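Single-structure report; data block below.
The values are calculated or read from the model by the stated rules, or taken from the named source; none is laboratory data. Model, not experiment: these values are computed from the prediction. All Cβ positions, glycine included, derive from the backbone under ideal geometry; neighbour counts span all protein chains shown. When the accessible area is computed, the model is the full protein with side chains, heavy atoms only, and any ligands, DNA or RNA have been set aside. Shrake-Rupley method; radii C 1.70, N 1.55, O 1.52, S 1.80 Å.
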Amino acid sequence: MTQWERLQQLDTVYSQRAFDLYNRDEFPMEVRHYLAHWIEGQDWERASRDSSRAAFLFQVLLENLDNQFSRFAQEKDSFLLQRNFRRYKQNFQKYQEEPYTLATIINWFLVKEREILNDAELAQQVQALQVQPAAMELESQRQVEKSLKDLKTKVEVMEHSIRCLEEQQDEFDFKYQTHLMDSCTEEEKKMQVEGLQKMLNALDKCRRNFLSDISAMLDAADVLRSALIDEELVDWKWRQQKSCIGAPDDTSLEHLEKWFTQIIECMFQLQKFLQKLDELVGKMTYDNDPILVRKPPLKSRVDTLLTHLIKSSFVVETQPSMPQGRGPLVLRTNVQFSVKVRLLYKVSELNHVMKVTVSVNKFRKFNVLGTLSKALNMAESMNGGMVADFRHLVSPSSVSLNLSLSVTEELHRITFQTQFDYQGLSVPLETSSLPVVVVSNSSQQQSAWASVLWFNMLCSDSKNVKFFETSPAATWPQFGEMLSWQFLSCGKRGLDNDQLETLAIKLFGKQQSYDSCKISWTKFSKENLPDTNFTLWVWLDGILTLVKLYLSDLWSDGSIMGFVSKGKERLLLKKKQNGTFLLRFSESIKDGGITFSWVQYANDGTPSVQTVKPFTSTDLKQIALPDILCDFWIMVAENIPVNPLCYLYPNTPKDQAFGKYYSEKTGDPPSFSDAGDDDFLLQMVEKSPMLSSSTTDDDMRNSILDSDSECTVPDAFSPTAPHTSPSCLQHNFSESPLDIFADAHSPDIDVNVTLHEFINSPNILNGINLRMLPKSDDFPFDSGLIQDLGYPNIPLTP
């Protein structure tokens, strides 16, 4: 299979990359397709360095183009291909003097193809690795299930063995007592003693075998204990820790609860067997009785195993969180929070028996207000597990004791204690939450969540409350995965490789590999980004909030490219058809902004990329982004409204991509009333942004649609512009809005006015000469005009 054929079999993402690669004039895709075998059979890398070899391949290429042209000439439906190949040959003629340049170009394309194939193969390997842990996890679960099944089977066998042992001992005891009371000859007594000795030897052997079986069971149980506590429980705690910061991991305790319950029940059964041996010894013992020697260490082993299992079975099922908080583990003083603990040993006899108390560590003194004690019970659990669900208020009683850390870097642990008393075993139990950050006002929640993210991304030791005194740096793979989880939580879709690479380049510059790159806690949350007054986390968090509140559906379905540099944005769009646009996040807005850019072609075929001023949460509260895209109009010659947005990158029709999100009243082009030559004209459909190219001069239009600037809405209108139809302009009305536009000819006036603010201004009618309003059936005027028509055509007199 040729390299070209392999490219055509790739998934959509990678086949699109190949399509984009050949969406340029240097080396046409059709030539690559029809001459694939010959092209891949040549050493273009050598030809790029060897002029004579390049000249030879150049001549052969032209001959192959002629041959392919002749084939098309014989086919009825290949007229366009025939025409194209004639043009391709003419274009290649420019390399007649420097054929090695063409060889270099062809070699470059082949190298890029191999890169795409390698990336696709790597993605498949990553996917296989992602599946492999799940398969390994299932295998470990099957192994635990098998070990537990074997353990339970052995317990059942031993239950039968202990009954047989008891019966055997009772039989020996009966015959021995009979022997003592029987009056018989010496010969008969001798024979009875020999028979009793054989019975005693058999009983001794059974006792020793039974003790050996208990020892072997304890060995198996210890292996199983290690698997449960050191592996499965540790894995669950790590999954829970990651899930607190957005990882889509399974945190169900169903399996662990079943396993802990089963193994603890088996240990209590062994404990009963040992107690039964005490009873048997109480009835009968003898010299060198193995029970007297071997039973005490076995009992100690059973108690140790039980104690370890029961202590480990007391866990925090749901980490502390506020009902409407930023996320788990961020608490605010005087605000209710909840936390749930569970005992993984499920036993009905302990329902409402074990009282759990709660306290907060003394790193910074807090009083926990509310019910400080609650019983583990089965009523508060969906599956009848032993849980206690706490809901408390946290209130500070003193200032911070650690002056080297900020409040949002101080970590605290909520500790739970109870006493386990059951079947003669008494064990004190204690467990703690993951470290929480306690803040006193909502403005600290952003920084507090950053601390929670950093700790749970890097530290698996939940007791390390001094983590931020010497906080380690995060590797890019760790950091990128954590960021992807945040977008997955907010918008049901994580970051893809291209988005992650864009962020990596922003942080580290262009690198061959980012695996060894590291980002420090300071760079993440304390140092401002270059040329801004906000940190990396503040910028990312603003975008996450924007996605969560206003863009979750668009982000989830992949409509938002999101993270893409301006340079790459232009490179992508300039290879697409007229009207192709993409959505990306602003890099200059602190609280999150989203903008769109589109490509348009001049009459001579020259592409240019236009960008609008980013929309923030303030804008998106008023009108949804799909409606903005639907109702975005620019004015061309003769005041004809045109929506320049046609295809969502790479080639999806706009209405197909966003139609399901449109509100009912969208998509109608604006209409206009007649206005005098000296009138300013304002027009808007609903709240759609609109830019007029026919009513502005070239300087103003260039400032509005500037392909080299992200923020394309001008700060002020050109003083020479005779008419304006502004879009997405911002201004706070301190005077009559008509005065603002009337003075627009002055270069000292800033007319950066948001259109909907202008329309909604209480002073909108100030200064309007009502006699200038046209009177017609199409424009009736009454006192309710503004309210009835929403956004009417209003001719203004300067």
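Summary of computed values
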{"quantity": "Any hit, segment 592-605, residues being open to solvent by 50 Å² or more (accessible area, probe 1.4 Å) and among the aliphatic types (A, V, I, L, M)", "calculated": "yes"}
{"quantity": "Residues of segment 437-467 satisfying the condition of being open to solvent by 20 Å² or more (accessible area, probe 1.4 Å), in a helix (DSSP H, G or I) and of a type in the set (S, T, Y)", "calculated": "S442, S443, S447"}
{"quantity": "Test for D421: is it within 21 Å of P328 (Cα to Cα), of a type outside the set (K, R) and at pLDDT 75 or above", "calculated": "no"}
{"quantity": "N377 being at pLDDT 85 or above and within 35 Å of the chain's Cα centre (by Cα)", "calculated": "yes"}
{"quantity": "Check on T580, on the phi < 0 side of the Ramachandran plot, open to solvent by less than 10 Å² (accessible area, probe 1.4 Å) and out of contact with any Asp or Glu (no Cβ under 6 Å at 6 or more places or on another chain)", "calculated": "yes"}
{"quantity": "Count of residues meeting criterion [in contact with a Lys or Arg (Cβ under 6 Å, 6 or more places away or on another chain) and surrounded by fewer than 19 Cβ atoms within 10 Å (Cβ to Cβ)] in segment 275-289", "calculated": "0"}
{"quantity": "Meets criteria (outside any helix (DSSP H, G or I) and open to solvent by 30 Å² or more (accessible area, probe 1.4 Å)) for S226", "calculated": "no"}
{"quantity": "Residues of segment 172-201 satisfying the condition of being surrounded by 13 or more Cβ atoms within 10 Å (Cβ to Cβ) and within 30 Å of L298 (Cβ to Cβ)", "calculated": "F172, D173, K175, Y176, L196, M199, L200"}
{"quantity": "From K526, K518, K492, residue being at positive phi and in contact with a Ser or Thr (Cβ under 8 Å, 6 or more places away or on another chain)", "calculated": "K492"}
{"quantity": "Candidate set: segment 564-574, residues that are assigned to a helix (DSSP H, G or I) and open to solvent by 60 Å² or more (accessible area, probe 1.4 Å); chosen: the one nearest to G542 (Cα to Cα)", "calculated": "K566"}
{"quantity": "Residue match in segment 523-544 (condition: in a helix (DSSP H, G or I) and loosely packed, with under 15 Cβ neighbours inside 10 Å)", "calculated": "no"}
{"quantity": "Verdict on D498 being in contact (Cβ under 8 Å) with a residue 24 or more places away in the chain and assigned to a loop (DSSP other than H, G, I, E, B)", "calculated": "no"}
{"quantity": "Filter pass, V394 being at pLDDT below 90 and either touching a Ser or Thr at 6+ places or on another chain (Cβ under 9 Å) or of a type in the set (A, V, I, L, M, F, W, C) (or both)", "calculated": "yes"}
{"quantity": "Residue match in segment 595-605 (condition: over 23 Å from L500 (Cβ atoms) and touching a helix residue (DSSP H, G or I) at 6+ places or on another chain (Cβ under 6 Å))", "calculated": "yes"}
{"quantity": "Any hit, segment 566-580, residues being among the charged types (D, E, K, R) and within 29 Å of E469 (Cα to Cα)", "calculated": "no"}
{"quantity": "Hits in segment 170-197 - residues which are charged (D, E, K, R) and within 21 Å of L277 (Cα to Cα)", "calculated": "D170, E171, D173, K175"}
{"quantity": "Of all residues in segment 90-139 being surrounded by 14 or more Cβ atoms within 10 Å (Cβ to Cβ) and of a type in the set (G, A, S), the one that is modelled with the lowest pLDDT", "calculated": "A123"}
{"quantity": "Among (1) within 30 Å of G491 (Cβ to Cβ); (2) touching a residue at least 12 places away in the same chain (Cβ under 8 Å); (3) of a type in the set (G, A, S) - the single one S243 does not satisfy", "calculated": "(2)"}
{"quantity": "Segment 320-345 - residue that is of a type outside the set (S, T, N, Q) and free of Cβ contacts under 8 Å to residues at least 24 places away in the same chain and, of those, surrounded by the most Cβ atoms within 10 Å (Cβ to Cβ)", "calculated": "M322"}
{"quantity": "Lone unmet requirement of (1) without any contact (Cβ under 8 Å) to a residue 12 or more places away in the chain; (2) among the small types (G, A, S); (3) open to solvent by less than 50 Å² (accessible area, probe 1.4 Å) for S312", "calculated": "(1)"}
{"quantity": "Output for segment 474-491, where each listed residue is hydroxyl-bearing (S, T, Y) and either open to solvent by less than 40 Å² (accessible area, probe 1.4 Å) or at pLDDT 95 or above (or both)", "calculated": "T475, S484"}
{"quantity": "Hits in segment 1-60 (condition: in a loop (DSSP other than H, G, I, E, B), of a type in the set (S, T, Y) and either under 20 Å from L572 (Cα atoms) or open to solvent by 60 Å² or more (accessible area, probe 1.4 Å) (or both))", "calculated": "Y22"}
{"quantity": "Single unsatisfied condition, R493 versus (1) closer than 23 Å to S516 by Cα; (2) part of a loop (DSSP other than H, G, I, E, B)", "calculated": "(1)"}
{"quantity": "Residue among F172, F210 that is assigned to a helix (DSSP H, G or I) and either at pLDDT below 90 or not assigned by the TED database to the domain that holds D289 (or both)", "calculated": "F172"}
